[in-house]
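The values are calculated or read from the model by the stated rules, or taken from the named source; none is laboratory data. As the structure is a computational prediction, the values presented were derived from the model and not from experiment. Don't worry about glycine lacking a Cβ; one is built from the backbone with ideal geometry, like all the others, and counts go over all protein chains shown.
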Amino acid sequence: MNKYLLTPGPVPVSCETQLAEARPLIGHRGKEFSGLFSSIETKLSGLLKTDGKTVIFPASGTGALEALAANFIGPGVSVISVSCGVFGDRFREIAALTGADMINVDVEPGEGVKPHVAATAVASNPNASVLLLTQNETSTGVFNHIDEIVAAIPQEIKPLILVDGVSSVGAMPCFPQKWGIDGLATASQKGLLTPPGLAFVWLSERGWNAVSKRKCPSYYFDLVRQKKDLFKDAPENPYTPPVSLYYALDHALDEITDKGWFSLRDRAARSLAAGIEALGFELLVKDKRFRSPGVTAFFHPSGETDAILKSLKSMCVEPAGGQGKFKGNLIRMSHYHDVRWPEISLALGSLYAALGDARRGAGDFMRRAYEVWEAK
Ligand SMILES: *Cc1c(COP(=O)(O)O)cnc(C)c1O
């Protein structure tokens, strides 16, 4: 029996993407691979609306964060970290390991980062040279409006802005060049609808200038080394790339660059949320503006959230549980893949069954969700 995977990474991958991954291997030094690489770069530039290139290397999302930290941050560098959850904390921890001077700003988990919070932190620390942000905080299902945050920062003292986009890119707008981001990290297994294993780093011109003036203490994660091979006419990787994953990614990018993909994700998220609430659950993110189009976190006020999660798993429906302070008290359901009405009703129907006692579920939860779905 296949599990119905609803974890916020890895996310379900289409049959066509799996078939693309199964193609016979090719060598990674030669025209054919360069062609595949170039095709991916063109599609990524379209998705991110950038004219620069994206570094791709085998690692998970944490590896992409580590690459940003290794190239931009080091002993004595003053870094502001704004965190609203487990992944913001992780980026902070990686930065702190380099010996940076950390200025930590914490936002209550479940709440989004308001632009003035980041802007005030920058204004009160005009010597900070780096600001760390998370676009989509996967541990709580918070979506931060990075464009508004960056716009609120005083331009004269704007630090280099490094963004964790591991669970946002692909599923929601993320336009680093347009928004004024200097370093963006992401990975294959969430919004990019590809199996785990690929990490991505995009840098602005200002970002490339900054890293080329520093000596990176890591050989493998040195972005300047990567750049040399990436910016050739026939791009290559300095080290062996996971070629099969490149095939998968090249196909998956066609699925998500379809017009209307972002609004479809948003519509699925809102419809699912309406049904979840009508079933008597509470959404963790109260402010609708900060709800993620990719993952929804909720709990049951009865306190039986963990039992409900176990019950779902026994039905082969697999969302994730809570992390950090929400361990044992949260369900996180992802909707990065092509979730439409059949998938929404499967998720809600299973939740209804997992609730066990029909009296606890409002009878018209499906109709409420369908009304939102139909309203588009
Ligand atoms: C998943 C995730 C990560 C870590 O990615 P791995 O691929 O597990 O290393 C980092 N940040 C965010 C926001 C994530 O969702």
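Looking only at segment 96-117, which residues are of a type outside the set (Val, Ile, Thr) and either surrounded by fewer than 20 Cβ atoms within 10 Å (Cβ to Cβ) or not assigned by TED's automatic domain parsing to the domain that holds THR134 (or both)?
Across segment 96-117, the qualifying residues are ALA96, LEU97, GLY99, ASP101, MET102, ASN104, ASP106, GLU108, GLU111, LYS114, PRO115, HIS116.
Using the structure shown, decide if LYS259 is part of a helix (DSSP H, G or I), over 30 Å from LEU309 (Cβ atoms), away from the ligand (no atom under 16 Å from the Cβ) and of a type in the set (Lys, Arg). Taking the combined requirement at face value, the residue does not satisfy it.
So that you can scan it fast, the table gives a plain yes or no per residue for (1) under 25 Å from the mean Cα position of the chain (by Cα); (2) of a type in the set (A, V, I, L, M):
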| position | (1), (2) |
| --- | --- |
| SER188 | yes, no |
| LEU192 | yes, yes |
| LEU198 | yes, yes |
| VAL201 | yes, yes |
| SER204 | yes, no |
| ALA210 | yes, yes |
| ALA234 | no, yes |
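The set of residues in segment 147-190 being small (Gly, Ala, Ser) and buried (at least 24 other Cβ atoms within 10 Å of the Cβ) consists of GLY165, SER167, SER168, GLY170, ALA171, GLY183, ALA185, ALA187, SER188.
For segment 24-52, name all the residues that are in contact with a strand residue (DSSP E or B) (Cβ under 9 Å, 6 or more places away or on another chain) and either at pLDDT below 95 or within 16 Å of the ligand (Cβ to nearest atom) (or both).
The one that is in contact with a strand residue (DSSP E or B) (Cβ under 9 Å, 6 or more places away or on another chain) and either at pLDDT below 95 or within 16 Å of the ligand (Cβ to nearest atom) (or both): GLY52.
Scanning segment 209-256 for residues that are of a type in the set (S, T, N, Q), under 24 Å from LEU25 (Cα atoms) and not in a helix (DSSP H, G or I) turns up ASN237, THR240. For segment 168-197, which residues satisfy the criterion of being within 12 Å of ALA64 (Cβ to Cβ) and among the hydroxyl-bearing types (Ser, Thr, Tyr)? Within segment 168-197, THR186, SER188 qualify. Looking at segment 263-271, is at least one residue polar (S, T, N, Q) and either in a loop (DSSP other than H, G, I, E, B) or within 19 Å of the chain's Cα centre (by Cα) (or both)? Yes.
When the criteria are applied in full, VAL77 fails the requirement of being closer than 29 Å to PRO8 by Cα and crowded, with 18+ Cβ neighbours inside 10 Å. Would you confirm, using the coordinates I've provided, whether GLU93 is farther than 23 Å from ILE157 by Cα, surrounded by fewer than 18 Cβ atoms within 10 Å (Cβ to Cβ) and either touching a residue at least 60 places away in the same chain (Cβ under 8 Å) or among the acidic types (Asp, Glu) (or both)? Taking the combined requirement at face value, the residue satisfies it.
Restricting ASN125, ASN136, ASN144, ASN71 to residues that are of a type outside the set (Lys, Arg) and surrounded by fewer than 24 Cβ atoms within 10 Å (Cβ to Cβ) narrows the list to ASN125. For GLU148, the stated conditions do not hold, so it cannot be described as within 23 Å of the chain's Cα centre (by Cα), without any contact (Cβ under 8 Å) to a residue 12 or more places away in the chain and closer than 30 Å to VAL295 by Cα.
For residues that are aliphatic (A, V, I, L, M) and within 11 Å of the ligand (Cβ to nearest atom), tally how many sit in segment 58-86. Before the answer, list the steps.
Taking segment 58-86 as the starting set, the residues that turn out to be aliphatic (A, V, I, L, M) are 59, 64-65, 67-70, 73, 77, 79-80, 82, 86.
With within 11 Å of the ligand (Cβ to nearest atom) added as a condition, the list becomes 59, 64-65, 86.
Final tally of qualifying residues: 4.
Looking at LEU162, is it within 17 Å of THR98 (Cβ to Cβ) and either assigned by TED's automatic domain parsing to the domain that holds HIS337 or not in a loop (DSSP other than H, G, I, E, B) (or both)? Yes; evaluated as a whole, the condition is true for this residue.
Based on this model, can you work out whether GLY207 counts as closer than 24 Å to ASP164 by Cβ and touching a Lys or Arg at 6+ places or on another chain (Cβ under 9 Å)? Against the criterion (closer than 24 Å to ASP164 by Cβ and touching a Lys or Arg at 6+ places or on another chain (Cβ under 9 Å)), GLY207 does not qualify. The set of residues from segment 178-223 being on the phi > 0 side of the Ramachandran plot and touching a Phe, Trp or Tyr at 6+ places or on another chain (Cβ under 9 Å) comprises just one member, LEU193. Is one or more of the residues making up segment 7-17 within 30 Å of LYS114 (Cα to Cα), in contact (Cβ under 8 Å) with a residue 12 or more places away in the chain, within 16 Å of the ligand (Cβ to nearest atom) and touching a helix residue (DSSP H, G or I) at 6+ places or on another chain (Cβ under 7 Å)? No.
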